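Visitor: There's a structure below that I have some questions on.
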Amino acid sequence: ARFMPNIPVAVGGGVSAVCGDAVAVAALTPWLQAVGTAVPMDESMFDAATAISGSGPGMLAYVIETFVAAAVDVGFSEDDPNRLVVDTFAGTGRYLVETGESATALRERVTSPGGTTAAGIAALEAAGLPDAAVAAARAARDRGTELRSGS
């Protein structure tokens, strides 16, 4: 069996990809669920899972860093934006988990035509965020494959 937990297991909010024979996966799953979510999968998806959930916390932390810098750029002092940004990201994640609403549905619900969210999303799209996210996932997946093969 193979499993890849991510750093949020330290606070009970981790996601662990797990693959292997059915007996091993069944034995590991309760242990992994004790520190978050366990997602059993086929071995062929392991590098992709590592890219998304294993590397995801680092990539999301980078996005949070950029939003903190953006908050400073729009006028916040160096001390104020970290809590504002971190709690906004954490609260949004918690909301999605607890309500079961999809990210798409939430985005659509809070995006008024011609409003501030629409303007911000348009800027993110123009700057290439959708393509950058796909490129990041592919790069992390491909590097995982290289590392596994000894390259």
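Visitor: For region 31-111, what % of the accessible area comes from carbon and sulfur atoms, probe 1.4 Å?
Guide: Carbon and sulfur: 62 percent of the exposed surface of region 31-111.
Visitor: Here is a follow-up. At a threshold of 8 angstrom on Cα-Cα distance, excluding pairs fewer than six apart, so keeping six or more, what relative contact order does region 29-151 reach in percent?
Guide: After rounding, I find 42 percent.
Visitor: Give, rounded to the nearest 20 debye, the magnitude of the charge dipole that the chain has about its Cα centre when Lys and Arg contribute +1 at Cβ and Asp and Glu contribute -1 at Cβ.
Guide: In total the dipole reaches around 280 debye.
Visitor: Over region 2-151, with the other protein chains present, what is the accessible area per residue in square angstrom, probe 1.4 angstrom?
Guide: 65
Visitor: GLY36's amide H: which non-local residues (gap 5+, or another chain) put their own amide H closer than 5 Å, with H modeled 1.01 Å from N in plane and none for Pro or chain starts?
Guide: GLY14
Visitor: Suppose every K and R has +1 on its Cβ and every D and E has -1 on its Cβ; what is the size of the dipole of region 17-93 about the Cα centre, in Debye to the nearest 20?
Guide: It works out to roughly 200 debye.
Visitor: Which sequence of SER16, SER151 reflects their accessible areas, 1.4 Å probe, from the largest down?
Guide: My answer, sorted largest first, is SER151, SER16.
Visitor: Report the longest stretch of the chain that contains none of the GluC sites (Glu not before Pro) sitting in a DSSP loop with at most 14 other Cβ atoms within 10 Å.
Guide: That would be 1-77.
The values are calculated or read from the model by the stated rules, or taken from the named source; none is laboratory data. Quick caveat: nothing in here was measured; it's all calculated off a predicted structure. Neighbour counts are summed over all protein chains in view; Cβ atoms, including those assigned to glycine, are modelled from backbone coordinates with ideal geometry. We work out accessible area using only protein heavy atoms, side chains counted, and drop any ligands, DNA or RNA first. Shrake-Rupley method; radii C 1.70, N 1.55, O 1.52, S 1.80 Å.
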